[in-house]
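Input: a single structure, listed below in structure tokens.
The values are calculated or read from the model by the stated rules, or taken from the named source; none is laboratory data. Remember, it's a predicted structure, so these values are computed and weren't measured experimentally. Positions of Cβ are backbone-derived with ideal geometry, glycine not excepted, and every protein chain shown enters the neighbour counts. All accessible areas refer to the heavy atoms of the entire protein, side chains included, with ligands and DNA or RNA removed. Shrake-Rupley method; radii C 1.70, N 1.55, O 1.52, S 1.80 Å.
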Amino acid sequence: PLFPYGDAEHAATSINEAYDVAVDGCEIVLVAKAHTLDSTIVYSKGVTIRGETGRPEDVELRMGSGGAYRLFNLNNRDAFIHGLTLGGFGSNNGYNFDAFCAYFEPGGGCISNCVLRNGVSIHWGGSGAAAHLNSDNAILTHCIITNNQIGCSDGCEKGMAGVIDRGRMENCLVAYNA
């Protein structure tokens, strides 16, 4: 398919491909199925990524085998992700990495109406398994954060559901994280 990806027949073959050509104000709609990312999307544009139905259980985004340890680095206050299940991310590589579904950099962004699940971070010196909010412009709202786990041998366990340095987590259900 060739840009512009205006309909299902001419859709991009990957989320990364669609994001690469998107400009501020664009919307990337993911069809109902499981999608895999092989590299982190460094989200520096004011782009919306959403599931086509609005129901998180219909559209899952998970980490592939490409070695990345986050789905998204959000760094634009107009970056918006909603209506997705974000799961199967994480790191078990023995290095000092944070393994989050999303890391909110200083520019911020918003994740809403999503399920963040099955994140795993088991290594020395890391933290977190779902989200790390590190921006005054970071908002995690109306999400379910569940079944994430963290652990390491030196007692560094923190942030099973997430870490909030700056920003807001509001109206979220946080349950069954270990």
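Each Cα pair of the range 1-63 feeds into the Kirkwood radius, which the Stokes-Einstein equation turns, at 10 °C and 1.306 mPa s, into a diffusion coefficient of 130 µm²/s.
Using the Cβ atoms and a cut-off under 12 Å, what net charge is assigned to the surroundings of LYS45, where Lys and Arg are +1 and Asp and Glu are -1? Every neighbour counted, the sum reads -3.
For HIS10, the solvent-accessible surface computed with a 1.4 Å probe is close to 80 Å², ligands and nucleic acids excluded.
Within the range 9-57, the trypsin sites (Lys or Arg not before Pro) that combine a DSSP coil assignment with at most 14 other C-beta atoms in a 10 angstrom radius are LYS33.
When ILE139, ILE28, ILE144 are compared by accessible surface with a 1.4 Å probe, the order from highest to lowest is ILE144, ILE139, ILE28.
Stretching GLU9 away from ASP58 to a fully extended chain increases their span by 15.6 nm, per 0.36 nm per residue minus the current alpha-carbon distance. Taking 12 Å as the cut-off, the amide N atoms of the range 44-58 that come nearer than this to a point 7 Å along the Cα-to-beta-carbon line of HIS142 belong to 54-56.
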